[in-house]
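Structure, as structure tokens:
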Amino acid sequence: MKLKIPITSVKISGEFIKLDSFLKFAAAVQTGGEAKTVIADGAVRVNGEVTTERGRKLRDGAIVAFAGNVWRVMSIDN
């Protein structure tokens, strides 16, 4: 039996947000340095795949998972 993890929607303005900035914005990390480290360590998934690109652009509908939390990016400009 799989446990269902709730998805938290995070609203952004603009077309995209970079992954490191998103982690800070969503309060998943406290600093940019912490974001850089967890991304480089492969601890973050975007749309189900591990990513080590801290500058990866997240657009409307992207799913980010880290430390037992899951977020959906929602652009308020769409």
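For mean projected area of the Cα convex hull in nm², the listed values are [x] 5.4; [y] 5.0; [z] 10.0; which was obtained by calculation from the structure presented?
Computing mean projected area of the Cα convex hull in nm² and matching it to [x] 5.4; [y] 5.0; [z] 10.0 gives [y].
Apply the Karplus parameterisation 6.51 cos²θ - 1.76 cosθ + 1.60, with θ equal to phi minus 60°, to every residue of the stretch 14-28 and state each ³J(HN,Hα) to the nearest whole Hz, in sequence, with x for glycine and proline.
In residue order, the calculated couplings are x, 6, 7, 9, 6, 4, 5, 5, 4, 4, 5, 4, 7, 6, 7 Hz.
Sequence-distant or interchain residues sharing an amide H contact under 5 Å with Lys18, placed H: which?
For Lys18, whose amide H was placed from the backbone, the distant partners under 5 Å are Leu58.
How large is the helix-only mean residue ellipticity at 222 nm for the chain, computed as the sum of -39500 (n - 2.57) over DSSP H runs with n ≥ 4, divided by its residue count, in deg cm²/dmol to the nearest 500? Could you put the intermediate results ahead of the total?
Details: 2 runs with 16 residues, N = 78.
Rounded to the nearest 500, the figure is -5500 deg cm²/dmol.
Would you grab the residues whose amide H sits under 5 Å from the one on Ser75? Only those 5+ places off in sequence or on another chain, please, with H modelled 1.01 Å from N.
Ile12, Asp60, Gly61
Ranked from highest to lowest mean number of other Cβ atoms within 10 Å per residue, what is the order of the peptides 22-31, 7-16, 54-63? If you can, show how the numbers build up before the last one.
Values: 22-31: 17.1, 7-16: 12.6, 54-63: 15.5.
The densest-packed peptide leads the list: 22-31, 54-63, 7-16.
Any read-out appearing in this document is the output of simple, stated calculations on the displayed coordinates, not a laboratory observation. Everything numeric in this text was worked out from a predicted model, so none of it was measured. All Cβ positions, even for glycine, are placed from backbone atoms using ideal geometry, and neighbour counts span all protein chains on display.
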